[in-house]
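Since the structure comes first, as structure tokens, the remarks are kept for the end.
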Amino acid sequence: MSASPSPQPIVALAAAAHPDDIEFMMAGTLLLLKDAGAEIHMWNLASGHCGTARHSREEIIRLRAAEAETSARLAGAVSHAPLFDDLGIFYDQPSLSRVAAVVREIRPTILLTHAPQDYMEDHQNTCRLLVTAAFAHGMRNFETQPPRPAWDAPVALYHALPHGLRDGMGQRVRPDAYADTSAVLERKRAMLACHRSQKEWLDVSQGMDAYLIDMERLSAEVGRWSRRYVHAEGWRLHSTLGFAPATFNPLQDLLKGNYHATTAE
């Protein structure tokens, strides 16, 4: 009798607008998923080419791609190339066809992305593109560019908190679940530290001298919100309608004691 085939690993995709967005608000959860046995992927949709005060377009694109790949290697993740320029992420048919092709290549069970309400249009448009691409993953007559076959399996989408924990109108955004990232904070910090060119840009453009400290401050604030963790990342589970069965929550299933769902305050 032949041996039973090994179960396929859970595939988790963290998809964000710019290099370092994942590391700020999603990387701790992604590392926990890796430790739980998931196959993890990291994808920045934009090149980050506007994030410099001194490099040429070609230089900064090369630098930021190398930094993102180094971060992904630290996490044990598969890295995917960007499709767009900074401030060039739009919710339109050509962009959706390209984003959906990548989603179909990866076939994620778990998709981590930006909040629908954010301070930046690139973030919000990335969110919209990923939500629709995931919704269309099983639609055989939806054509992607390049063509990729549809697949039939549930997908769970989770929205991270916006940077600064507030939307574009300054209103606080609260999660309905928390991932305990205390044990992986140093690894998350090391991933963020890979983005040296972004730190230089933020020092000039926003006065963020404490780039890494700012990430830890946000992480600790979300931990306080949870009332149980020292450091945490906050999540909101997207509606399962059209994506998965009503009770499908693989992030909770995989992270177990490192995940706590609660009613948003």
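Any read-out appearing in this document is the output of simple, stated calculations on the displayed coordinates, not a laboratory observation. Treat the numbers as computed from the prediction; the structure is a model and nothing was measured. In this analysis, Cβ positions are derived from the backbone assuming ideal geometry, glycine residues included, and neighbour counts consider all displayed protein chains.
A few remarks follow.
- Translational diffusion coefficient (Stokes-Einstein; Kirkwood radius from C-alpha pairs) of segment 27-88 at 20 °C, 1.002 mPa s, in µm²/s: 171 µm²/s
- Counting beta carbons within 10 Å around each of W151, W235 and listing the fewest first gives the order W151, W235.
- Remark: segment 162-177, residue by residue, has Karplus-estimated 3J(HN,Hα) of x, 4, x, 6, 9, 7, x, 9, x, 7, 5, 10, 9, x, 10, 7 Hz, where x stands for each Gly or Pro and the curve is 6.51 cos²θ - 1.76 cosθ + 1.60 at θ = phi - 60°.
- Counting only DSSP H runs of at least 4 residues, each contributing -39500 (n - 2.57), and dividing by the residue count of the chain, the helix-based mean residue ellipticity at 222 nm comes to -12000 deg cm²/dmol.
- Residue order, fewest to most beta carbons within 10 Å, for E39, E105, E23, E58: E58, E105, E39, E23
- Each Lys and Arg Cβ is given +1 and each Asp and Glu Cβ -1; about its Cα centre, the chain then shows a dipole of about 460 debye.
- Along the chain, longest interval not containing exposed trypsin sites (Lys or Arg not before Pro), exposed being DSSP loop plus at most 11 other Cβ atoms within 10 Å: 141-226
- Calculated Cα Rg over 2.2 N^0.38 Å (choose from (1) 1.06; (2) 0.97; (3) 1.12), label: (2)
- Furthest towards positive pole of dipole, F135, S47, L218, structure part the chain, Cβ charges: F135
- Segment 1-121, dipole about Cα centre (Lys/Arg Cβ +1, Asp/Glu Cβ -1), debye to the nearest 20: 320 debye
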